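Trainee: Pasting a structure below so you can have a look.
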2 protein chains.
Amino acid sequence: MEGRIDRIKKQLHGASYKLTPQREATVRVLLENEEDHLSAEDVYLLVKNKAPDIGLATVYRTLELLTELKVVDKINFGDGVSRYDLRQEGAAHFHHHLVCIECGAVDEIQEDLLEDVENVVEKRWKFQIKDHRLTFHGICWRCHGKHDENESSD
Amino acid sequence: MEGRIDRIKKQLHGASYKLTPQREATVRVLLENEEDHLSAEDVYLLVKNKAPDIGLATVYRTLELLTELKVVDKINFGDGVSRYDLRQEGAAHFHHHLVCIECGAVDEIQEDLLEDVENVVEKRWKFQIKDHRLTFHGICWRCHGKHDENESSD
DNA sequence: TAGTAGATTATAATCATTATCATATCAAAA
DNA sequence: TTTTGATATGATAATGATTATAATCTACTA
Ligand SMILES: [Zn+2]
Ligand SMILES: [Zn+2]
Ligand SMILES: [Zn+2]
Ligand SMILES: [Zn+2]
């Protein structure tokens, strides 16, 4: 974790920004909740535990800054809020998501899976891909299980 | 066009809704601007030409209704507004998008391309896919051309 | 120490979307 | 034809997320 923060610090310095205490607190919250998909408000509430005096605007600014540096990705699942997702270190592309329409769970797919598709798109549409967003909507294994409970099988 | 409206009318009736004049005007605007990705406000302004007395709330309500019936898909490209995109008749899945980070153009990919990926996801993550959202961010052929204007070739 | 640039805070402003409620439409019942 | 009930609409208010503003604070440096 400390190593990860150090590297983010270096990234900030590389773009001539500083890792202020507020920014560090925000980054720590993101690292400690890597599995989740937090909204700015969520982050704000969690950061308040570490830095009670932080303002909401600072959280927004920090998240924007981290997005610019590609430390996090901003994503929108269709409820009215933006969510912020730590990008895996060294990952060229943003990971994919599985959103369950029954229970609302959001699972992640870290594998790329899109290499072939992207080759086709780059060639056929002459589009130079820099990043992508891929989200599947459907029924997760947990909810699927529930339905099958009293069906024997096929 | 009339045939398309008739079929949407039938879909509405099937769900026991009516095709009111306001709804018809809204659908016509969507059909006439099929290429575009209009926000609710955009649709409102265009519909006003046909039905000057229509209220913004009605447009929002109609778009919500059409989304529910899967006549349109609601999508968000990261600017603060939702956009509404007519689904091709008979298409099982939403189409894909190419968003140019230079000029802002949004192009469409009607081909599915994801069949293989979806098979993998369904099996490996035991996730029953109902729909998807796939957007590529990058540089479109138009902007790419601009850069190459004074570079000979490779 | 004073000056300066950047960062932060509290708060106001903005903007998209949703909720409210009185009115309108329309078809079926009386 | 009038009444009634269900649904739809329009004007407007309310909400909620995000951004802008202005005053204050915090390193650094001359
Ligand atoms: Zn689920
Ligand atoms: Zn994620
Ligand atoms: Zn372009
Ligand atoms: Zn589209």
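Trainee: Out of all DSSP beta bridges with both ends in the protein assembly as shown, state the antiparallel percent to the nearest 5.
Mentor: 80 percent
Trainee: Please work out the C-alpha center-to-center distance from segment B:120-142 to segment A:1-55 and express it in whole Å.
Mentor: Segment B:120-142 and segment A:1-55 have Cα centres separated by 29 Å.
Trainee: Next up: Can you list residues from other chains, or at least 5 along the same chain, whose modelled amide H is less than 5 Å from the amide H of A:His132?
Mentor: Sorted by chain and number, the residues that satisfy this are A:Phe94, B:His137.
Trainee: Still on this model: If you put a point 7 Å past Cα along the Cβ direction, how far is that point for B:Glu41 from the same point in each other copy, in nm, smallest first?
Mentor: Distances to the matching label points in the other copies: 2.2 nm.
Trainee: Give, in nm to one decimal, the length gained when the segment between A:Arg124 and A:Leu45 is fully stretched (0.36 nm per residue of separation minus the Cα-Cα distance).
Mentor: So the extension gain works out to 23.8 nm.
Trainee: Going 7 Å from the Cα of B:Ala92 along its beta-carbon direction, which residues of segment B:7-26 have the amide nitrogen within less than 14 Å of the resulting point?
Mentor: none
Trainee: Angle between the Cα long axis of helix A:56-68 and the longest principal axis of chain A, 0 to 90 degrees, nearest 10?
Mentor: The angle comes out at about 70 degrees.
Trainee: Past the 26 Å Cα-Cα mark, which pairs from A:Lys126/B:Lys70; A:Lys10/A:Lys50; B:Lys10/B:Lys126?
Mentor: A:Lys126/B:Lys70; B:Lys10/B:Lys126
Trainee: Long-range amide H contacts for A:Asp73: which residues qualify at under 5 Å (H placed 1.01 Å from N, peptide plane, sequence gap of 5 or more or a different chain)?
Mentor: Amide H neighbours of A:Asp73: A:Asp85, A:Leu86, A:Arg87.
Trainee: So, one more: Among bridges DSSP assigns within segment A:54-144, what percent are antiparallel (round to 5)?
Mentor: 70 percent
Trainee: While we're here: Got the B:Glu2 label distances to the other copies yet, label 7 Å along Cα→Cβ, in nm, shortest first?
Mentor: Counterpart label points of B:Glu2 in the remaining copies fall at 7.8 nm.
Trainee: Ok, one more. What does DSSP give for chain B in terms of the percent of beta bridges that are antiparallel, rounded to the nearest 5?
Mentor: Rounded to the nearest five, the antiparallel share is 75 percent.
Trainee: Further question on the same structure: Measure nothing but the geometry: give the 0 to 90° angle between the long axis through the Cα atoms of A:40-50 and the longest principal axis through the Cα atoms of chain A, rounded to 10°.
Mentor: 50 degrees
Trainee: Which residues does the label zone of B:Asp107 cover in segment A:86-130, counting backbone N under 11 Å from a point 7 Å along Cα→Cβ?
Mentor: Answer for segment A:86-130: A:121-129.
Trainee: While we're on this one: What ³J(HN,Hα) values, in whole Hz, does the Karplus curve 6.51 cos²θ - 1.76 cosθ + 1.60 give for segment A:138-145 when θ = phi - 60°, with x put for Gly and Pro?
Mentor: x, 10, 6, 4, 5, 5, 4, x
Trainee: Separate question: What figure, in Å² to the nearest 10, do you get for the accessible area of B:Met1 with a 1.4 Å probe and non-protein molecules left out?
Mentor: 100 Å²
Trainee: With each run of n ≥ 4 DSSP H residues scored as -39500 (n - 2.57), what mean residue ellipticity at 222 nm is computed for the protein assembly as shown after dividing by its residue count and rounding to the nearest 500 deg cm²/dmol?
Mentor: Details: 12 runs with 134 residues, N = 308.
Calculated at 222 nm, the ellipticity per residue is -13000 deg cm²/dmol.
Trainee: Can you list, shortest first in nanometers, how far A:Lys70 lies from the same residue in the other copies, with each label 7 Å from Cα toward Cβ?
Mentor: Ordered by increasing distance: 3.6 nm.
Trainee: A further question follows. If I take every Cα pair under 8 Å that is 6 or more residues apart in segment B:1-140, average their sequence separation and divide by the length, what percent do I get for the relative contact order? Write out the running numbers ahead of the final one.
Mentor: Values: 149 pairs, mean separation 25.2, N = 140.
After rounding, I find 18 percent.
Trainee: Would you kindly find the accessible area of A:Ser16, with a 1.4 Å probe and non-protein molecules such as ligands, DNA and RNA excluded, rounding to the nearest 10 Å²?
Mentor: Its heavy atoms expose roughly 100 Å² to the probe.
The values are calculated or read from the model by the stated rules, or taken from the named source; none is laboratory data. Fair warning: this is a prediction, and the values are worked out from it, not measured in the lab. Every residue, glycine among them, receives a Cβ derived from its backbone with ideal geometry; neighbour counts consider all protein chains shown. We work out accessible area using only protein heavy atoms, side chains counted, and drop any ligands, DNA or RNA first. Shrake-Rupley method; radii C 1.70, N 1.55, O 1.52, S 1.80 Å.
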